[in-house]
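Let me begin by presenting the structure, written as structure tokens, before commenting on it.
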Amino acid sequence: MFDVLIIGCGVVGAALAYELSKHELSVCVLEKENDVAVGTTKANSAILHSGYDPKPGTLMARLNVESVPLTKEICRKLDVPCKNIGSLTVAFSEDDMETVKRLYERGVKNGVPGLEIIGQEELRRKEPHISPEALGALWAPSAAIISPWELCLAMAQTAVRNGTELYLDSEVTEIKKKGESFIVKTSSGVYEARNIVNCAGVFSDKVHAMIAEPCFKILPHSGEYFLLDKCEGDKANTVIFQCPGEDTKGILVSPTVHGNLIVGPDNAAVKAGDLSVDAKRLQGIKETARKSVPDIGFGENIRNFAGIRAVTDIDDFIIGETEVQGFYDVAGIKSPGLSAAAAIGVYVKNMLEASGVPMRRKKSFVDERHVTRFNELTAEEKREAVEKNPLYGRVICRCETVTEGEIVDCIHAPIPPCSIDGVKRRVGAGMGRCQGGFCSPRVLEILARELGRDPMEIEKDKKGTYILTGRTKGEQA
Amino acid sequence: MIYDVIVIGGGPAGLAAALEAKNEGAEKVLILERDRELGGILNQCIHNGFGLHHFKEELTGPEYAGRFIEMVKNTDIEVSLDTMVLEVTKEKQVHCVSKTEGYRILEAKAIVLAMGCRERTRGAISIPGTRPAGVLTAGTAQRYVNMEGYMVGKRIVILGSGDIGLIMARRMTLEGAKVLACIELMPYSGGLTRNIVQCLHDYDIPLYLSHTIVDIKGDKRVEQVVAARVDENRRPIPGTEMTFDCDTLLLSVGLIPENELTKNAGIEIDKRTKGAVVYENMQTETEGIFACGNVVHVHDLVDFVTAESQRAGRAAARCALAGGVDGGKTITMKNGSAVTYTVPQKIRTGNVEKLCELFFRVNKVMQKAEIEVLDGENVIAHFKREHLAPGEMEKIALPRMLLDKAAGSELVVSVREVE
Amino acid sequence: MTELICIGCPKGCHLQVDEENNYEVSGASCEKGAAYGKIELTDPRRVVTSTVRVKGASPARCSVKTNAAVPKGDIFAVMKALDAVELSSPVKIGDIVIANVCGTGADVVATRNI
């Protein structure tokens, strides 16, 4: 019997698990996929928004602004890549300048620190590649770029290290109330808990409907992106937004924490699970992005992807206890969901406490994580690292300089990866310009060896994404 | 200790450069190779067709590499395997790391860059659709199949008719897979004609020219790919779609010289080749740092890589032993009509013995063409060719006498079709 | 008259072979091409390159080839014969893996050292 059972281990589920793991509670997290951070969390703009955009008074506005410093602190403690580069919302017309002023005022109301409207000259100083058409911008110094899946992983790992039980490949199929508790059936077994928190992302309406009256509907939207080679990474120094439109924050151009340039997203309603990219939409993104930064070298594109957003028919996050006592929704966590996740964790923890879940602080809570990233070490540190562990001396991913040592480390850390992309999300192998062409056979070999599995079983990403279809020469090993 | 010559990369380019440097008198020569064995990509190119120029016989990739590896073994050239070079500096320091030797900073009088090239990926050409498993570059598939003994698919479509794609079409067929089609964006194949015959025709694999992939379908593994004809601007024509039920899409959509070390060292890169700008002796713009093979420009035949790398090795040894050369007048080579690049880009006439070999590629298929070298308005040399194609590297030899006589500091290489 | 593209070397000469006239070949730029033109229409042959298993070694496969071209019709029989082979290291380039494979007169030989 768990005190709290969390459904879904995206960044929101992980943030809540992390927060709860600071307390003397028995907590379990169920994730339907074979890894954490593989839904909305893995494919988005990878930005901590400053919080000027959401309507004042909404949960989105409050939690976004509260969350930014909180997230930065978590990144520091748990060794998650995060860079405070600020954002610029650029105006290209007098109308846009009016919008910028409105956004400034809204931001001030939301409590966003340090906002400033800057003119052309200052804008050009910050962004030498900005279009000559740009007139000015809203400068939001608290915005940052982050590695979303590493944030999710780090919080989930820390929760697990502090006693949280995480079950992967556990898709919830049925929830029943039995007396004071819930019985949750999944593809991996049956779990019992006093409280359930639904953090199921784009599937949160379905999970909700398993036990409560339907009261909201997820309308999945996708946003498509370009990810450009590191040689284009200096085309932007900050997160460059255009003035927001009806339903999106507009196409952005931004460096990533890994040094690439990210361009996107657009916005279109799609079927749940549809992560395909479309040539026309990509063309549209290119043209719009060039309005901000005309000389983006799209010839240096290394990857296109689409991210899914859990948009709902309600214009705010849906967070609270349902009519079923002990069953909580944390749903409709669309943008700025990543920015707000850490504060959502605290908010829901407080909500559980107010409903009578006892929160006694753990004395033994381990609130730290350290990751060796070989390519970030100085020459002297590299020398020492290889002396201590020779596996750091074998570079597996040549584009990102990721060593065998780092890959083996991540396989033996809490929440080990089971796929090539799982390794990629943890250490960056295969994220570079050759997109795993060189390293994926080698990563596959290391995964099979370290996990004691047949290489034939190692998959690219989620279940069923098999890579190898057989052996040459009569099938014998 | 300071090495005379450090060669980065132990593929065909690095092997030839190191051997030639040794032959030319360099004493301490070191090859740094990131893989567990020498030979580079040749080890997975198990098909034949290598060596007709250099060895006057037809060898497989591993055999071609094997001969050079044997020769290296018979010298005192040092080899560090499983060693990755992390940085090269203009001061000719080489930072490298390996499991056995740890992190080292080595010094050399001359460095030869021979890192080869990498394959273009799905992202580079933005193929739309879903992102399932089963989309991989032909070279990655080649490694799985030929080195590790795994099959990567059962029903296969190949995008791109470059040589690796064609070779893999045959290879996968021989290993029991069904290759449904080879799809090529351009109106001509990017590979050698002989490979069209012996890899596609022999096995009745259709080649669709002027086509591309417009959609990939499948959630977990590729289930279908959709191809369509393209117009003269290479845009898909609606209504011409063909759907293939397949589990794998292999990409053979081009190679890019692997120049991250070069760029980080601050060495000038030619946008046309995506390799370093080189002089007649394969020296880059940085004195004492040379480059050869596919890291300079993508070659069609390994035999030409060998010849070019021997030049680089020879020059590196001379540089290490005697210091830099004073080459006299420098001529910059420019590409005129139908020519996409030249290597070398710069020629110091005083450094040319009798002939300077010039390599280039054309941007369209041509029958009966005339190659002209222009000095301003004047044609100072011309060469006839029966057949030119973008998939094939072309070579001319310019006599030193002509170069010396050139009035300007620029020569233009131009190609036109003749009746 | 049959048109062929010579596969003897990367040049890829366009050949014309006159079956009526003792397979006379025009368009070849060397003797090998002329010979190819005739044999391609009378007894087409190819060198087969592939791999065989190697016991407990890395890489797990050793590359091999037929040391002469074999009849095109025998290619898949040769491939099947390779399935049955397992080598143990050391292997040297040129080692005979299967002598007179499928009765073609050609040997399958190793093309790398392991």
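The values are calculated or read from the model by the stated rules, or taken from the named source; none is laboratory data. Note that the structure is a prediction, hence the values are computed from the model and not measured. Virtual Cβ from ideal backbone geometry, glycine too; neighbours counted across all protein chains shown.
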* Asked: Which pairs do you get when a residue that is in a strand (DSSP E or B), found in region A:162-176, comes within reach of a residue that is basic (Lys, Arg), reach meaning Cβ atoms under 7 angstrom, with the pair 6+ apart or on two chains?
  -> A:Thr173/A:Lys185; A:Glu174/A:Lys185
* Asked: How many residues does region B:233-248 hold that are more than 13 Å from every other protein chain (Cβ to nearest Cβ), within 24 Å of A:Ala306 (Cβ to Cβ) and hydrophobic (A, V, I, L, M, F, W, C)?
  -> 1
* Asked: Could you list, in sequence order, the residues of region A:367-385 that are in a helix (DSSP H, G or I) and in contact (Cβ under 8 Å) with a residue 12 or more places away in the chain?
  -> A:Phe374, A:Asn375, A:Ala385
* Asked: Of the residues C:Ala57, C:Ala77, C:Ala69, C:Ala81, which single one is at pLDDT below 85, of a type outside the set (Lys, Arg) and surrounded by fewer than 20 Cβ atoms within 10 Å (Cβ to Cβ)?
  -> C:Ala57
* Residue among A:Val408, A:Val371, A:Val427, A:Val366 that is among the hydrophobic types (A, V, I, L, M, F, W, C) and either farther than 17 Å from A:Asp79 by Cα or touching a Phe, Trp or Tyr at 6+ places or on another chain (Cβ under 8 Å) (or both) -> A:Val408
* Structure fact -> Checking A:Gly57, A:Gly51 in turn, the sole residue that is on the phi > 0 side of the Ramachandran plot and without any contact (Cβ under 8 Å) to a residue 60 or more places away in the chain turns out to be A:Gly57
* To do: Hey, could you check region A:296-334 for residues that are within 14 Å of chain B (Cβ to nearest Cβ) and of a type in the set (D, E, K, R) and say which is farthest from the chain's Cα centre (by Cα)?
  => A:Glu300
* Asked: Quick one: which of C:Leu41, C:Leu82 is within 20 Å of the chain's Cα centre (by Cα), of a type outside the set (Ser, Thr, Tyr) and within 12 Å of chain B (Cβ to nearest Cβ)?
  -> C:Leu82
* To do: For residues that are in contact (Cβ under 8 Å) with a residue 24 or more places away in the chain and either of a type in the set (Gly, Ala, Ser) or surrounded by 22 or more Cβ atoms within 10 Å (Cβ to Cβ) (or both), scanning just region B:314-330, find the one that is farthest from B:Cys356 (Cα to Cα).
  => B:Ala320
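Quick check on this structure: which one of B:Arg143, B:Arg170 is facing another protein chain (nearest Cβ under 8 Å), out of contact with any Lys or Arg (no Cβ under 7 Å at 6 or more places or on another chain) and charged (D, E, K, R)?
B:Arg143
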* To do: For region A:310-364, enumerate the residues that are part of a strand (DSSP E or B), among the hydroxyl-bearing types (Ser, Thr, Tyr) and modelled with pLDDT of 95 or more.
  => A:Tyr328
* Structure fact -> Looking across region A:208-228 at residues that are within 13 Å of another protein chain (Cβ to nearest Cβ) and modelled with pLDDT of 95 or more, the single one that is farthest from the chain's Cα centre (by Cα) is A:Leu228
* Structure fact -> Every listed condition ((1) surrounded by fewer than 20 Cβ atoms within 10 Å (Cβ to Cβ); (2) assigned to a strand (DSSP E or B)) holds for B:Phe55 save (2)
* Asked: Here are some conditions: (1) surrounded by fewer than 19 Cβ atoms within 10 Å (Cβ to Cβ); (2) within 30 Å of A:Ile467 (Cα to Cα). B:Val253 meets all but one. Which one does it not meet?
  -> (1)
* **Selection count where residues are touching a Cys at 6+ places or on another chain (Cβ under 9 Å), surrounded by fewer than 21 Cβ atoms within 10 Å (Cβ to Cβ) and away from chain A (no Cβ under 14 Å), scope region B:202-232** => 3
* Of the residues in region B:23-57, how many are without any contact (Cβ under 8 Å) to a residue 24 or more places away in the chain, over 22 Å from B:Glu175 (Cβ atoms) and touching a strand residue (DSSP E or B) at 6+ places or on another chain (Cβ under 9 Å)? -> 1
* Asked: Filtering region C:44-54 down to residues that are buried (at least 18 other Cβ atoms within 10 Å of the Cβ) and in contact with a helix residue (DSSP H, G or I) (Cβ under 9 Å, 6 or more places away or on another chain), which residue is farthest from the other protein chains (Cβ to nearest Cβ)?
  -> C:Arg45
* Answer yes or no: is there a residue in region A:426-445 that is surrounded by fewer than 21 Cβ atoms within 10 Å (Cβ to Cβ) and either within 7 Å of another protein chain (Cβ to nearest Cβ) or not in a helix (DSSP H, G or I) (or both). => no
* To do: Any residue in region B:132-143 that's within 15 Å of B:Arg221 (Cα to Cα): show its pairings with residues that are outside any helix (DSSP H, G or I) and basic (Lys, Arg) at Cβ separation under 6 Å, as long as the two are six or more apart or on different chains.
  => B:Pro132/B:Lys220; B:Pro132/B:Arg221; B:Ala133/A:Lys460; B:Ala133/B:Arg221; B:Gly134/B:Arg221; B:Val135/B:Arg122
* To do: Any chance you could count how many residues in region A:199-217 are touching a Phe, Trp or Tyr at 6+ places or on another chain (Cβ under 8 Å) and closer than 19 Å to A:Ile344 by Cα?
  => 2
* Asked: In region B:298-306, is there at least one residue being assigned to a helix (DSSP H, G or I), in contact with a strand residue (DSSP E or B) (Cβ under 8 Å, 6 or more places away or on another chain) and aliphatic (A, V, I, L, M)?
  -> yes
* Structure fact -> Considering region B:173-189, residues that are surrounded by fewer than 22 Cβ atoms within 10 Å (Cβ to Cβ) and within 20 Å of the chain's Cα centre (by Cα), and then whichever is nearest to the other protein chains (Cβ to nearest Cβ), we arrive at B:Tyr188
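Tell me, which strands (runs of 3 or more DSSP E) wholly within region A:9-123 include 1 or more residues that are crowded, with 24+ Cβ neighbours inside 10 Å and aliphatic (A, V, I, L, M)? Before you say what the answer is, go through the steps one by one.
Numbers: elements: A:27-30, A:87-91, A:116-119.
Per the criteria, A:27-30, A:87-91.
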